[in-house]
Amino acid sequence: MTTAWTPGGQMPHSNELDYKDTEKYPYDGYGPESPITEAGHLSDPTDKNHSLHRGLSACQVSMIAIGGAIGTGLIIGTGSALSAAGPASILISYTIVGLVVYVVMAALGEMATWLPAAGGFAVYATRYVDPALGFALGYTYWFKYIITTPNQLTAAALVIQYWCPPERVNPGVFIAVFLVAIIAINYLGICWLTLAPRFFVVSFFCMQYTFNTIYSICFFGEFEFWLSSIKVLVIIGLIILMVILAAGGGPNHQATGFRYWNDPGSFAQYKSIPGSWGQFLAVWSSMVTAVFAFLGTELIGVTVGEAQNPRRNIPRAIKLTFWRILVFYICSVFLLGMVVPYNSKELAFATKASSSAAASPFVVAIKLAGIQTLPGFLNGCILIFVFSAANSDLYIASRTLHGLALKRQAPGFLARTDKRGVPYFALGASALVCCLAFMSVSTSSKVVFTYFVNLVSIFGLLTWISILVSHIYFKKALRAQGVNERDMRYRSPFGMWGSTVALVFCIIIAFTKNFTVFIHSPKTYGNFDYKNFITGYLGIPLYIFMIFGYKLIMRTKGVKPAEADLWTGKDVIDADEQEWLAKEAAEKASGKQASSLYRHTFGYLF
């Protein structure tokens, strides 16, 4: 029998007793079946055939979080929101949703720091709320990412149309190339491609750090690190460029400032509905795009099973979320509204788009400023954005399905991993669903992109709702079991009440985000947009059906706060943390720690 550490002088809980009821607490990789043998290397030290490897470093964990968040939602989806709602509308909606996202991330960070469990945040829903909620959350998140991946591939086809219209080359060709590439990267890795550039760049700041990671980390994490690094640099470059263009520094020497906020206006009239009501509907209609843009920020909760020293690295990544939201999202959207009018025919999502309209509003801004060669270069960068997002999305989908199999909520063979820790069956199953992207072969990529945005956003909102519910119950369990929260490594600054307010707001958005299917212009009044209705709300009945279906079949009961399983597996994590601290202390004593220059430059971002 193993015992778990408890803060504040509490009596230790028996892992054997807490976990003896496998129906109430499905096995999630911790408990009496997993004594500490290789802490710091495997998420489940006793089962190498089903365990993920803790091989993601601090910089890779942070950059994967950025890579999942910065993608088509910001670079492409913002264009549809701008054309439909106006610059002030998207600034308001992105700010509100950004605050909600930060509350969700803080709540997730508190739970993940307490117990960095493999299998993602479905484990927390199972332990603290109800196994039925954990089941529904796990599959909801998997649905989200098996839809997000083909959505990214569709976006890639949409971007390529800037150079090669679909009449010349079928979009399915490009989708097939990207799909094969991301599958190969997720399974085989591209060690030979990523090691050389990182060696020369990072060694300047941290020579020994490179030698320590060059042999152990050369697959997915390394590749995603570099793709996400390119994203960050491009976004920062775009922000600087938008400031220059707004001040009149472009070739046309026109200082737009807030010109487009006056003409054509700061708020678009939704569906030509006059007055403030039409402006309010425009703001609310852009909420779905804002939600889609921020989706992926929470995926850091899935990487904890493969993160080195998660007790230190996860809170660090969470604390930087606020600044990433402020700089990469709010600032970008604000500046974009200053340099692109919402009625520009250069926007691919505009009502009267030109034949050469661009999918990204950032490309439109450069074209309007009169810069000749940069639009093509930026479109190339956007392709890297989309490719990186598709790569990380398929990674998360496979890991989520692997976690479901570990909890015996999916076929057992999906939990198997190879000697490198890759869940190859889960990866193959997730990749098969990505073939939905080939819908773009027979339907406009722009239309298919909109359908996928609807599906992904509702699954994402349901995920946020589940995380917030789990955090509320987690806080109740801490208090019921007498845990001194001051001893915790990370605490949400918003507490339980902040999660409650964010939960209410997410529920409101989930039920009203596709109100547009009921509102029509005079020319189309009476027609019901059933396609957007189905894609916009399909996730809600599916989510409810999974919760109550699982409860009826498995006869599960809600977890009482005093009985919530806060302790099982915590001894493994505590030993893991001590091993990493000892390793860092030894490196520091031998002078092998990352240089001060690295930690005070790239270390703040990565």
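Tabulated data
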| quantity | calculated |
| --- | --- |
| So Ile507, is it within 23 Å of Phe292 (Cα to Cα) and either among the hydrophobic types (A, V, I, L, M, F, W, C) or open to solvent by 20 Å² or more (accessible area, probe 1.4 Å) (or both) | yes |
| Selection status of Val386, out of contact with any helix residue (DSSP H, G or I) (no Cβ under 6 Å at 6 or more places or on another chain), buried (at least 19 other Cβ atoms within 10 Å of the Cβ) and among the β-branched types (Val, Ile, Thr) | no |
| Considering residues of the stretch 315-338 that are of a type in the set (A, V, I, L, M) and open to solvent by less than 10 Å² (accessible area, probe 1.4 Å) only, the residue modelled with the lowest pLDDT | Ala317 |
| Residues located in the stretch 130-145, provided they are open to solvent by 10 Å² or more (accessible area, probe 1.4 Å) and under 18 Å from the mean Cα position of the chain (by Cα) | Tyr139, Trp142, Phe143 |
| Failed condition for Thr535, given (1) closer than 21 Å to Lys513 by Cα; (2) out of contact with any Leu (no Cβ under 6 Å at 6 or more places or on another chain); (3) of a type outside the set (A, V, I, L, M) | (2) |
| Hits in the stretch 262-275 (condition: part of a helix (DSSP H, G or I), farther than 17 Å from Phe515 by Cα and either under 34 Å from the mean Cα position of the chain (by Cα) or modelled with pLDDT of 85 or more (or both)) | Asn262, Asp263, Pro264, Gly265 |
| The stretch 423-464, subset touching a helix residue (DSSP H, G or I) at 6+ places or on another chain (Cβ under 6 Å), surrounded by fewer than 22 Cβ atoms within 10 Å (Cβ to Cβ) and β-branched (Val, Ile, Thr), residue farthest from Gln161 (Cα to Cα) | Val433 |
| Any hit, the stretch 165-176, residues being modelled with pLDDT under 80 and in a helix (DSSP H, G or I) | no |
| Yes/no for Thr524 being open to solvent by less than 90 Å² (accessible area, probe 1.4 Å) and at pLDDT below 85 | yes |
| Residues that are assigned to a helix (DSSP H, G or I) and modelled with pLDDT of 85 or more, drawn from the stretch 405-418 | Ala405, Gly412, Phe413, Leu414, Ala415 |
| Pairs with Cβ under 7 Å, 6+ apart, first in the stretch 430-449 and touching a residue at least 24 places away in the same chain (Cβ under 8 Å), second hydroxyl-bearing (Ser, Thr, Tyr) and crowded, with 20+ Cβ neighbours inside 10 Å | Ser430/Ser398; Cys434/Thr149; Ala437/Thr154; Ser440/Thr154; Ser445/Thr154; Val448/Thr154; Val448/Ser440; Phe449/Thr154 |
| Number of positions in the stretch 125-164 that are in a helix (DSSP H, G or I) and either closer than 30 Å to Leu552 by Cα or among the polar types (S, T, N, Q) (or both) | 26 |
| Number of positions in the stretch 341-358 that are in a loop (DSSP other than H, G, I, E, B) and either among the β-branched types (Val, Ile, Thr) or at pLDDT 75 or above (or both) | 7 |
| Residue count for the stretch 264-290, restricted to those that are surrounded by fewer than 16 Cβ atoms within 10 Å (Cβ to Cβ) and in contact (Cβ under 8 Å) with a residue 60 or more places away in the chain | 3 |
| Hey, Leu99 modelled with pLDDT of 80 or more, within 30 Å of Asn343 (Cβ to Cβ) and open to solvent by 10 Å² or more (accessible area, probe 1.4 Å) or not | yes |
| Members of the stretch 555-592 that are under 16 Å from Ala125 (Cα atoms) and either open to solvent by 80 Å² or more (accessible area, probe 1.4 Å) or among the acidic types (Asp, Glu) (or both) | Lys557, Lys560, Glu563, Asp565 |
| Gly558 in a helix (DSSP H, G or I) and among the small types (Gly, Ala, Ser) | no |
| Considering residues of the stretch 179-204 that are in contact with a Leu (Cβ under 9 Å, 6 or more places away or on another chain) and open to solvent by 40 Å² or more (accessible area, probe 1.4 Å) only, the residue modelled with the highest pLDDT | Ile183 |
| Where a residue in the stretch 224-239 is of a type in the set (Lys, Arg) and its partner, wherever it lies, is open to solvent by less than 20 Å² (accessible area, probe 1.4 Å), with Cβ under 7 Å and at least six apart | Lys231/Ile66; Lys231/Gly67; Lys231/Ile70; Lys231/Phe385; Lys231/Ser388 |
| Among residues of the stretch 252-261, those that are within 34 Å of the chain's Cα centre (by Cα), assigned to a loop (DSSP other than H, G, I, E, B) and surrounded by 13 or more Cβ atoms within 10 Å (Cβ to Cβ), counted | 2 |
| Residues located in the stretch 263-278, provided they are in contact with a Ser or Thr (Cβ under 9 Å, 6 or more places away or on another chain) and more than 19 Å from Leu336 (Cα to Cα) | Tyr270, Lys271, Ser272, Ile273, Gly278 |
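The values are calculated or read from the model by the stated rules, or taken from the named source; none is laboratory data. Values in this document were obtained by computation on a predicted structure and should not be read as measured data. We place every Cβ from the backbone using ideal geometry, glycine too, and count neighbours over all the protein chains shown. The area values use the complete protein model at the heavy-atom level, side chains included, leaving out ligands, DNA and RNA. Shrake-Rupley method; radii C 1.70, N 1.55, O 1.52, S 1.80 Å.
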